[in-house]
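Heads up, the thing below is written out as structure tokens.
None of the figures in this text is laboratory data; all of them are computed from the coordinates on show. These numbers come from a predicted model, not from an experiment. Glycine gets a Cβ as well: all are built from the backbone with ideal geometry, and neighbour counts include every protein chain shown.
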Amino acid sequence: QVQLQESGPGLVKPSQTLSLTCTVSGGSITTTSYYWNWIRQPPGKGLEWIGYIGFTGYTHYSPSLESRTSISRDTGKNQFTLHLNSVTPEDTAVYYCTRDLGPGWGRLDYWGQGTQVTVSS
């Protein structure tokens, strides 16, 4: 059974970099053919896809966030990490890591519980 767990700071100051790590158990992030995603939900709004890192290490990001987003992984620890640069209060959201059965943010089968991140001075 696959489990995902987000970890990282709950409070980030404007202009800083938000870093969140997802630890995966019960399955390898290098297994064909899964895609490991970050998704967020601002207060009162819908889900927003941020990006993914695929089983080969290939990354792909939302065009609206691409310029300040990167996703990396540590295969030895079975973890992948989101870095979101130059944050503003509009980046306040619950952040989720998820597994996708393919690219395209359409077949998400496992989710972390989510972690609240607030951007404030």
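Worth a mention:
- The set of residues in the range 92-107 being within 13 Å of the chain's Cα centre (by Cα) and aliphatic (A, V, I, L, M) consists of Ala93, Val94.
- One residue alone among Ser28, Ser33, Ser72, Ser64 is part of a loop (DSSP other than H, G, I, E, B) and under 18 Å from Gly112 (Cβ atoms), and that residue is Ser28.
- Among the residues of the range 36-58, those identified as part of a strand (DSSP E or B), closer than 24 Å to Gln116 by Cα and either over 14 Å from the mean Cα position of the chain (by Cα) or not charged (D, E, K, R) (or both) are Trp36, Asn37, Trp38, Ile39, Gln41, Trp49, Ile50, Gly51, Tyr52, Ile53.
- Scanning the range 59-75 for residues that are surrounded by 13 or more Cβ atoms within 10 Å (Cβ to Cβ) and not β-branched (Val, Ile, Thr) turns up His60, Tyr61, Ser62, Leu65, Glu66, Arg68, Ser70, Ser72, Arg73.
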